[in-house]
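What follows is a single structure, written as structure tokens, with notes after it.
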Amino acid sequence: MERPTKEQIKALPFYIGLGLSDIKIIENAQDADQALSALANETCLGFDTETKPIFRKGEESPGPALIQLATESCAYLFPTRFPFAVNAARVLLSNDGIQKVGFGIKDDNKALRNKLDIEVANTQDLSVILKNKVGEKNTIGARAAVAMVLKLCLRKGAQISNWGAYPLKTSQILYAANDAHSAICVAKALGNK
């Protein structure tokens with residue numbers, strides 16, 4: 001297994017992942033309760049956050065605008081503008097019995113701790129695992145990891161969009177959910193190899 005080039009990644013079939021019907025956005029207390037009961041007994045979840053990009057020098061990041069958690073069959077998006085969504089995400093992220101897997105999650109964890117007072121427990125950074133596995137000196141991001149492990153091309157179109165705006169656009173919903181979903185799929189595939 002080695003890191004593919006950008007050209008090799010572009011030549012792969014697209015990673016399809018989850019559709020809109022498999023994605024739940026936590027917009028009220030009932031949604032938050034449903035997410036908690038659906039995810040509380042999972043042993044491993046794909047994990048990511050999205051933050052509004054900063055374009056001005058010296059401007060401070062407002063912190064994560066969205067927290068994403070995914071199983072192999074569905075994803076839950078927790079917009080941090082809603083306190084009940086943040087509280088539900090906090091319960092799940094701080095649960096030591098659920099492993100959270102993602103790519104480059106050190107910065108996510110730091111932002112969650114500093115901006116939302118969420119201590120993420122039991123994480124596994126797939127970027128580091130893959131970096132060590134293939135002897136790379138640079139970390140391996142989601143796009144390269146999906147190409148290496150799943151032999152698919154993860155699209156990154158909505159990456160630099162305004163995550164602070166609400167409601168989210170369809171492209172943002174699919175992008176955010178599938179970033180977390182790709183992490184759980186890569187983790188499962190690595191566990192099976």
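Here, each number is a calculation from the coordinates, and none is a lab measurement. Just so it is clear, the model here is predicted, and its values are computed rather than measured. Here the Cβ is made from the backbone with ideal geometry for all residues, glycine too, and neighbour counts use every protein chain on show.
Some observations on this one:
- Per-residue ellipticity at 222 nm, computed for the chain from helices alone with -39500 (n - 2.57) per DSSP H run of at least four residues, works out to -11500 deg cm²/dmol.
- Only Lys, Arg, Asp and Glu carry charge here, each on its Cβ (+1 for the first two, -1 for the last two); on that basis the range 70-193 has a dipole of about 360 debye about its Cα centre.
- The structure shown yields Kirkwood radius over Cα pairs in Å, and of the options [x] 20.1; [y] 16.8; [z] 18.9 that calculated value carries the label [y].
- Estimated dipole of the range 1-150 in Debye, rounded to 20 [Cβ of Lys and Arg +1, of Asp and Glu -1, Cα centre]: 620
- Global geometry of the range 1-93, whether rounded, prolate or oblate, following the gyration tensor of its Cα atoms and the 1.5 cut on a/c: oblate
- Between the amide H of D48 and those of Q68, distances stay under 5 Å, these residues lying 5 or more places away or on another chain, with hydrogens modeled in the peptide plane.
- Note on the chain: with a GNM built from Cα contacts shorter than 10 Å, the maximum mean-square fluctuation among S21, S94, S127 falls on S21.
- Among 25-32, 36-43, the peptide with the highest mean count of other Cβ atoms within 10 Å heads the list, and the full ranking is 25-32, 36-43.
- The Cα trace of the range 1-50 gives Rg and Dmax of 16.6, 45 Å, the first to one decimal, the second as a whole number.
- Spatial extent of the range 83-122: Rg and Dmax, with the Cα atoms as the point set, Å: 9.7, 26
- Counting only DSSP beta bridges whose two residues both lie in the chain, roughly 50 percent are antiparallel.
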